[in-house]
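The values are calculated or read from the model by the stated rules, or taken from the named source; none is laboratory data. Everything numeric here is computed off the predicted structure, so don't read it as measured data. Because the Cβ atoms are built from the backbone with ideal geometry, glycine has one as well, and the counts that use them run over all protein chains shown. We work out accessible area using only protein heavy atoms, side chains counted, and drop any ligands, DNA or RNA first. Shrake-Rupley method; radii C 1.70, N 1.55, O 1.52, S 1.80 Å.
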Amino acid sequence: MQADIKPTVCVVGLGYIGLPTAAIVARAGHQVLGLDVTQSVVDTINRGEIHIEEVDLDGLVHAVVQRGLLRASTHIEPCDVFVIAVPTPFAKDDHHTPDISYVLAAATEVAGVLKAGDTVILESTSPVGTTEAMRDLMAGLRPDLKFPGLVAGTPDVSIAYCPERVLPGKILEELTNNDRSIGGITPRCARKALSFYKRFVRGACITTDARSAEMTKLVENAYRDVNIAFANELSIVADAMNLDVWEVIKLANRHPRVNILTPGPGVGGHCIAVDPWFIVSAAPEQTPLIRTAREVNDKKIHHVIARATALIEANPGVPVACLGLAFKANIDDFRESPARLVAATLARKYGSRIRIVEPYAAQLPREFEGTGASLIDLDAALEDCGVLIVLVDHDVFKSVPLAERARHAVYDTRGIWPDQPGQVEVAGLRLVG
Ligand code: SAJ
């Protein structure tokens, strides 16, 4: 029997996807080099520590660094497999066009050490055609190597696109168990990438072409955005009609083919609010639904600010607690968070009347400085604040019994307290302006 020679792996970009991926591949027994442009990130990982919050990631990184399987660096080295997991933000032109410059910069680095037999895999969420653009760039830099799709016969290197699909808070579990789409520039490239993922993925790995895999990732997040927009639009309609949206959704979802998602204060995070635009910017004439969904979800934030304002104005002088800043439940990630935007807007308007409860924050983000708003704990909020505005569905908020909030004026944007009296009256407040 042939001995399994484990390929060496370089993961470019040690963020929320790159670091957990590097750690899991290392756990499978591979020598992994993690590459990052930030020296402090590299130093932290080489101490066996982590710079991001993710369930169980600290113990895993500590273990694989201690065993000598994972090390981080700012300098690339030759390896057998390269996994690129760098950000793909919007370009600065403000037209929601994607900026793939980090991907191309990573590909340039990789090209410098590439050798025959290597595999390069892009995992970053990317507009359709990015994997081919990356291939073209590397081919230009390395005329000594044969690249797939550009030459007849067997190419020297394999290139594929394989998007991540993990949920923050469950990254390690989902990296291992989710199914993966693996899109090769050619079928041979897909098979090479497949043999890599088979080493640490338990879910089904399905091969396709690179462009289909790129689009699949964008479609998954656009699908969710459209469905959340439907729920958010329903909540705005219900407010106008003085109906309890949670009751309506609960009843509609009893239909065997209806599954309405949950309204909230808007859509946050770095994926669902961003990726649909990659489809819209590629095909603006063909995407009225996807564009409108994005706009509905963005507008929901302003609807929530207006209703919260009306409730605060209806209770003059009463201290107000905003419950939650995170972009979703039970995580400490406050980036691109609608809850944070709502709370900061209210803090600028009402100053020290606004108290923030966020069990996952040690201090308030910078935009609260000078507003007079303060960070307090849940018990103090329930005791001192007559108005409660629920912005995040953290479990700790959900568990507050009715007896402790029955006398408060509540605006529950997440529907965590269905037994709260007076919800429809709050929803039905006539707004000023
Ligand atoms: N949200 C609602 N109502 C819902 C569901 C979500 O308002 O019913 C809000 C959340 O509160 C949050 C935002 O949407 O603000 C996004 O949260 P999420 O849990 O839907 O998604 P993310 O951004 O944490 O992760 C998504 C996932 N994509 C899909 O479920 C299709 C994840 O699998 C992807 O890997 C991730 O994007 C990514 O990296 O692209």
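Can you find even one residue in region 114-129 that is out of contact with any Ser or Thr (no Cβ under 8 Å at 6 or more places or on another chain), more than 30 Å from residue 395 (Cα to Cα) and of a type in the set (Asp, Glu)? Before you say what the answer is, go through the steps one by one.
Within region 114-129, the first condition is being out of contact with any Ser or Thr (no Cβ under 8 Å at 6 or more places or on another chain), and the residues that meet it are 114-117, 121, 128-129.
Filter again for more than 30 Å from residue 395 (Cα to Cα), leaving 114-117, 121, 128-129.
Still in the list and also of a type in the set (Asp, Glu): none.
No, every residue in region 114-129 fails to be out of contact with any Ser or Thr (no Cβ under 8 Å at 6 or more places or on another chain), more than 30 Å from residue 395 (Cα to Cα) and of a type in the set (Asp, Glu).
Would you point out which residue out of 189, 162 is within 13 Å of the ligand (Cβ to nearest atom), in contact (Cβ under 8 Å) with a residue 40 or more places away in the chain and touching a strand residue (DSSP E or B) at 6+ places or on another chain (Cβ under 6 Å)? Let's see the steps before the verdict.
Details: 189 fails: within 13 Å of the ligand (Cβ to nearest atom).
Answer to the check: 162.
Just to be sure I understand the filter: pairs with C-beta atoms under 8 Å, separated by 6 or more residues or on different chains, first member in region 1-20 and on the phi > 0 side of the Ramachandran plot, second member among the polar types (S, T, N, Q). Which pairs pass?
Cβ pairs passing all conditions: 13/124.
Going by what's in this entry, would residue 332 be described as modelled with pLDDT of 95 or more, among the acidic types (Asp, Glu), within 16 Å of the ligand (Cβ to nearest atom) and under 28 Å from residue 53 (Cα atoms)?
Working: modelled with pLDDT of 95 or more: no; among the acidic types (Asp, Glu): yes; within 16 Å of the ligand (Cβ to nearest atom): yes; under 28 Å from residue 53 (Cα atoms): yes.
Against the criterion (modelled with pLDDT of 95 or more, among the acidic types (Asp, Glu), within 16 Å of the ligand (Cβ to nearest atom) and under 28 Å from residue 53 (Cα atoms)), residue 332 does not qualify.
For residues that are open to solvent by less than 60 Å² (accessible area, probe 1.4 Å), hydroxyl-bearing (Ser, Thr, Tyr) and more than 30 Å from residue 395 (Cα to Cα), scanning just region 170-199, find the one that is farthest from the chain's Cα centre (by Cα). Show your work before the answer.
Taking region 170-199 first, the residues open to solvent by less than 60 Å² (accessible area, probe 1.4 Å) are 171-172, 174-176, 178, 180-186, 189-190, 193-194, 196-197.
Then keep just the ones that are hydroxyl-bearing (Ser, Thr, Tyr); that gives 176, 181, 186, 197.
Restricting the remaining residues to those that are more than 30 Å from residue 395 (Cα to Cα) gives 181, 186, 197.
Values: 181: 18, 186: 29, 197: 22 Å.
The selected residue is 186.
Counting only residues that are within 30 Å of residue 279 (Cβ to Cβ) and touching a Gly at 6+ places or on another chain (Cβ under 9 Å), which one in region 108-154 is most open to solvent (accessible area, probe 1.4 Å)? Steps first, please.
As a first pass, look at region 108-154 and keep what is within 30 Å of residue 279 (Cβ to Cβ): 108-111, 119-141, 147-150.
Okay, now just the ones that are also touching a Gly at 6+ places or on another chain (Cβ under 9 Å), so 111, 123-124, 131-132, 135, 141, 148.
Numbers: 111: 2, 123: 4, 124: 7, 131: 0, 132: 61, 135: 23, 141: 86, 148: 1 Å².
Restricting to residues being within 30 Å of residue 279 (Cβ to Cβ) and touching a Gly at 6+ places or on another chain (Cβ under 9 Å), the top hit is 141.
Could you go through region 340-348 and let me know if any residue there is out of contact with any helix residue (DSSP H, G or I) (no Cβ under 7 Å at 6 or more places or on another chain) and either modelled with pLDDT under 95 or within 12 Å of the ligand (Cβ to nearest atom) (or both).
The initial filter retains those residues of region 340-348 that are out of contact with any helix residue (DSSP H, G or I) (no Cβ under 7 Å at 6 or more places or on another chain), namely 340, 343, 348.
So of that shortlist, the ones also either modelled with pLDDT under 95 or within 12 Å of the ligand (Cβ to nearest atom) (or both) come out as 340.
Within region 340-348, one or more residues are out of contact with any helix residue (DSSP H, G or I) (no Cβ under 7 Å at 6 or more places or on another chain) and either modelled with pLDDT under 95 or within 12 Å of the ligand (Cβ to nearest atom) (or both).
What do you reckon, is residue 167 among the aliphatic types (A, V, I, L, M), open to solvent by 10 Å² or more (accessible area, probe 1.4 Å) and within 27 Å of residue 200 (Cβ to Cβ)?
Details: among the aliphatic types (A, V, I, L, M): yes; open to solvent by 10 Å² or more (accessible area, probe 1.4 Å): yes; within 27 Å of residue 200 (Cβ to Cβ): yes.
Yes: the conditions hold for residue 167.
When you check residue 175 against the structure, is it among the hydrophobic types (A, V, I, L, M, F, W, C), within 16 Å of the ligand (Cβ to nearest atom) and not in a loop (DSSP other than H, G, I, E, B), yes or no?
Numbers: among the hydrophobic types (A, V, I, L, M, F, W, C): yes; within 16 Å of the ligand (Cβ to nearest atom): yes; not in a loop (DSSP other than H, G, I, E, B): yes.
In short, yes.
Of the residues that sit in region 211-225 and are surrounded by 19 or more Cβ atoms within 10 Å (Cβ to Cβ) and more than 18 Å from residue 121 (Cβ to Cβ), which one is nearest to the ligand (Cβ to nearest atom)?
Checking each candidate, the answer is 221.
Among the residues of region 200-210, are any touching a residue at least 12 places away in the same chain (Cβ under 8 Å), closer than 21 Å to residue 393 by Cα, away from the ligand (no atom under 11 Å from the Cβ) and buried (at least 20 other Cβ atoms within 10 Å of the Cβ)?
First, pick out the residues of region 200-210 that are touching a residue at least 12 places away in the same chain (Cβ under 8 Å): 200-210.
Add one more test, that the residue is closer than 21 Å to residue 393 by Cα, and what stays is none.
There is no residue in region 200-210 that is touching a residue at least 12 places away in the same chain (Cβ under 8 Å), closer than 21 Å to residue 393 by Cα, away from the ligand (no atom under 11 Å from the Cβ) and buried (at least 20 other Cβ atoms within 10 Å of the Cβ).
Just give me the residues in region 248-270 being surrounded by 14 or more Cβ atoms within 10 Å (Cβ to Cβ) and at pLDDT 95 or above, in sequence order.
Residues of region 248-270 surrounded by 14 or more Cβ atoms within 10 Å (Cβ to Cβ): 248-249, 260-270.
Those that are surrounded by 14 or more Cβ atoms within 10 Å (Cβ to Cβ) and at pLDDT 95 or above: 248, 249, 260, 261, 262, 263, 264, 265, 266, 267, 268.
When you scan region 326-344, do you find a residue that is without any contact (Cβ under 8 Å) to a residue 60 or more places away in the chain, more than 14 Å from residue 268 (Cβ to Cβ) and buried (at least 17 other Cβ atoms within 10 Å of the Cβ), even just one?
Taking every residue of region 326-344 in turn, none turns out to be without any contact (Cβ under 8 Å) to a residue 60 or more places away in the chain, more than 14 Å from residue 268 (Cβ to Cβ) and buried (at least 17 other Cβ atoms within 10 Å of the Cβ).
Please specify each residue of region 59-88 satisfying the condition of being open to solvent by 50 Å² or more (accessible area, probe 1.4 Å) and assigned to a loop (DSSP other than H, G, I, E, B).
Passing the criteria: 67, 75, 77, 78, 80, 87.
Exactly one condition in (1) aliphatic (A, V, I, L, M); (2) away from the ligand (no atom under 16 Å from the Cβ); (3) assigned by TED's automatic domain parsing to the domain that holds residue 143 is false for residue 3; which is it?
For residue 3, the exception is condition (3).
Can you tell me which residues in region 372-402 are among the hydroxyl-bearing types (Ser, Thr, Tyr) and crowded, with 20+ Cβ neighbours inside 10 Å? Talk me through it step by step, then tell me what you get.
Kept after step one, since they are among the hydroxyl-bearing types (Ser, Thr, Tyr), are these residues of region 372-402: 374, 399.
Matches in region 372-402: none.
Could you list all residues from region 296-322 that are within 16 Å of the ligand (Cβ to nearest atom) and over 16 Å from residue 263 (Cβ atoms)?
The answer is 322, and nothing else.
Cβ contacts < 6 Å: first residue modelled with pLDDT of 95 or more, restricted to region 370-394; second residue open to solvent by 30 Å² or more (accessible area, probe 1.4 Å) and within 16 Å of the ligand (Cβ to nearest atom), any location; separation 6+ or different chain. Result?
390/414; 393/414; 394/330
Does residue 310 satisfy the condition of being over 24 Å from the mean Cα position of the chain (by Cα), more than 28 Å from residue 173 (Cβ to Cβ), hydrophobic (A, V, I, L, M, F, W, C) and assigned by TED's automatic domain parsing to the domain that holds residue 349?
Working: over 24 Å from the mean Cα position of the chain (by Cα): yes; more than 28 Å from residue 173 (Cβ to Cβ): yes; hydrophobic (A, V, I, L, M, F, W, C): yes; assigned by TED's automatic domain parsing to the domain that holds residue 349: yes.
Yes: the conditions hold for residue 310.
Does residue 316 count as in contact with a helix residue (DSSP H, G or I) (Cβ under 9 Å, 6 or more places away or on another chain), of a type outside the set (Gly, Ala, Ser) and open to solvent by 40 Å² or more (accessible area, probe 1.4 Å)? Explain how you work it out, then say what you get.
Values: in contact with a helix residue (DSSP H, G or I) (Cβ under 9 Å, 6 or more places away or on another chain): no; of a type outside the set (Gly, Ala, Ser): yes; open to solvent by 40 Å² or more (accessible area, probe 1.4 Å): yes.
Criteria not met by residue 316.
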